[in-house]
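Beneath this line is the structure, given in structure tokens, with notes to follow.
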Amino acid sequence: MNYVSTRNPVSATGLSAAIAAGLAPDGGLYVPDALPRLAPADFDDCTTLPAIATRLLEPFFAGDALAAALPAICAEAFDFPAPLVALATPRDYVLELFHGPTAAFKDFGARFLAACLARLQRDARRPLTILVATSGDTGAAVAAAFHRQPGLRVVVLYPDGRVSPRQAHQLGCFGDNVHTYKVAGAFDDCQRMVKHALGDASLQSAVPLSSANSISLGRLLPQMSYYAAASLAHWRKDRGVLDVVIPTGNLGNALAAILARACGLPLGRIVLATNANDVLPQFFDGGDYAPRASVATLANAMDVGAPSNFERLRWLYPDDGRLRREFRAIGVDDDAIRATIARRYRDHGEVFCPHTATAVRVLEGLRAEGVQGDWAVVSTAHPAKFDSVVEPLIGRGVEIPPSLAALLERPAHAQPLAADDAALDTALRGLQ
Ligand SMILES: *Cc1c(COP(=O)(O)O)cnc(C)c1O
């Protein structure tokens, strides 16, 4: 299969090159030049998540240097479960995507990308340095996934004092080939410094650099796997489709569900839940697509004012009218997030992170409208990652999952860095 830019459907690239590059040279996003058509019966002999992922992704890897390694990549990246669990309310489920090393769904994409790049780097003379600016979850997932991968290094930049103590600890606890810097500035400064470094040809020739942000194909494609596994598990029970509500920021997770459905997996309706950053709800309600600066909310990993994968959604549905008929997007403000976390615990003993709570609230609204069917809310993070929000609302501590506890027990260290391009340039050139 070949990959083309959303801005230029003519010039084709192979999968490995598209994964290594991140962004297409014209600034567009890589998309497959055709989508495979699969039926549930094509997965009849696949029972585990890695087996389902391998069958689903085979056509996307066909003809590429990584094709032969695909089963091993899937086994290595998806070595933790993604269970579909019943909620207390009838015909409602939760798809738990937080059983990976950093307790958020980004572990799936980050680990798959790392497994791909480690193989592509095998014969490289010089290490490839993955640069990430993070406001929390992405940096931890990428650091965990690339930790001790030969031929690869990670440089994480986070805004000093603007991530939670638990997040700062996770970012700084790896060491070895992971270099963590606390930047004297805001997240936007970190992002600007990363962009500048990635675009600096002289720096790139001295220190080969790549990124691992949510537009990377190496993160997007594997995320289809858990939607395939959940919808097939549901299909195998009674031949019904599974409807989903997905907490959405940059649209990476939701786009994976949309692609999985387009490939023929038994998913039904797909509804997007956002926080108070309501660019998508406004568009799907008939307004213009109007990206703007983000506002801070309790579901901070979804604080996005210009969803980076929107361009891929428009590639898949070039007609806005059709796109608006296919999906709904519903915004949930901080008061509703708080109320949902408190009420679900009080009434049902269920504990959700603030991101998952947006989807739970949206599903409650759909049920109140009389919407039928079997629905899964997608849980993007474990509530223990957001203890400072969740614990006061439920009036008790949240138990920390073992993988996260192991990280929090390691000593953590981050080097201070000035919020300017020259400081990052010096740090990168000085890496051992
Ligand atoms: C990144 C993230 C999201 C948003 O995912 P997108 O792919 O950007 O839409 C939601 N919840 C959590 C916990 C996240 O880390």
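The values are calculated or read from the model by the stated rules, or taken from the named source; none is laboratory data. This structure is a prediction, so every number in the text was calculated from the model and none was measured. Note: ideal-geometry Cβ built from the backbone for every residue, glycine included; neighbour counts use all protein chains shown. Each accessible area value is taken on the protein alone, full model and side chains, heavy atoms only, with ligands, DNA and RNA left out. Shrake-Rupley method; radii C 1.70, N 1.55, O 1.52, S 1.80 Å.
Using a simple spin-label model with pseudo-atoms 7 Å out from Cα toward Cβ, residue 410 and residue 369 lie 4.4 nm apart.
Debye-formula intensities of the chain, expressed as log10 I(q)/I(0) at q = 0.08, 0.14 Å⁻¹, are -0.41, -1.41 (one equal scatterer per alpha-carbon, no solvent).
Normalised per residue, the accessible area of segment 201-283 is 23 Å², obtained with a 1.4 Å probe and no contribution from ligands, DNA or RNA. Applying the criteria of a DSSP loop state and at most 14 other Cβ atoms within 10 Å to the chymotrypsin sites (Phe, Trp or Tyr not before Pro) of segment 351-432 yields no site. FRET efficiency for the residue 293 to residue 320 pair, using the beta carbon distance and R₀ = 25 Å, is estimated at 0.60. In this structure the amide hydrogen of residue 7, modeled in the peptide plane, comes within under 5 Å of the amide hydrogens of 28, 29, none closer than 5 places in sequence on its chain.
Label-to-label distance for residue 26 and residue 123 is 3.1 nm, based on points extended 7 Å past Cα in the beta-carbon direction.
Note down the Stokes-Einstein diffusion coefficient of segment 108-195 in µm²/s, whole number, using a Kirkwood radius over alpha carbon pairs, 10 °C, and 1.306 mPa s.
Details: Rh = 13.1 Å.
Taking Rh from Cα pairs, D becomes 122 µm²/s.
The amide H of residue 179, built 1.01 Å from its N in the peptide plane, has 154, 155, 156 as neighbours under 5 Å, considering only residues 5 or more places off or on other chains.
Here each label is just a point 7 Å from Cα along the line to Cβ, and for residue 76 and residue 206 those points are 3.1 nm apart.
For residue 233 and residue 34, calculate 0.36 nm times their separation in residues minus their Cα-Cα distance, and state this gained length in nm to one decimal.
Values: separation 199, 0.36 × 199 = 71.64 nm, distance 2.62 nm.
Answer, rounded to one decimal: 69.0 nm.
As an exercise, take the mean of 1/r over every pair of distinct alpha carbons in segment 292-347, invert it, and state the Kirkwood radius in angstroms.
Working: mean 1/r = 0.0725 Å⁻¹.
The Cα-based Kirkwood calculation yields 13.8 Å.
Taking 18 Å as the straight-line reach from the Cα of residue 385, the lysines in range (excluding those fewer than 8 positions away in the same chain) are 106.
Computed extension gain for residue 67 through residue 86, at 0.36 nm per residue and net of the alpha carbon distance, reaches 3.3 nm. Taking θ as phi - 60° and the Karplus parameters 6.51, -1.76 and 1.60, the scalar couplings of segment 292-309 work out to 7, 5, 7, 10, 7, 9, 5, 8, 6, 6, 10, 7, 10, x, 9, x, 5, 8 Hz in sequence order, x denoting glycine and proline.
Carbon and sulfur atoms: what percent of the 1.4 Å accessible area of the chain do they account for?
Numbers: 8580 of 16630 Å².
Carbon with sulfur: 52 percent of the solvent-accessible area.
I need the peptides 55-63, 301-309 ranked by packing, meaning the mean over residues of other C-beta atoms within 10 angstrom, with the highest value on top. Let's see the in-between values first.
Values: 55-63: 18.7, 301-309: 20.6.
Ranking the peptides 55-63, 301-309 by packing returns 301-309, 55-63.
GNM, the chain, Cα, under 10 Å: largest mean-square fluctuation among 188, 278, 45? Maximum among the listed residues: 45. Phi angles of segment 95-101 translate, via the Karplus equation with coefficients 6.51, -1.76, 1.60 and θ = phi - 60°, into HN-Hα couplings of 8, 8, 9, 10, 9, x, x Hz per residue; Gly and Pro are given as x.
Listed by chain and number, the lysines whose C-alpha is less than 28 Å from the C-alpha of residue 237, apart from same-chain residues fewer than 8 away, amount to an empty set.
Check every DSSP H run in the chain and write down those whose alpha carbon atoms cover 18 angstrom or more along the long axis and whose mean Kyte-Doolittle hydropathy is 0.5 or greater. Helix filter hits for the chain: 106-120.
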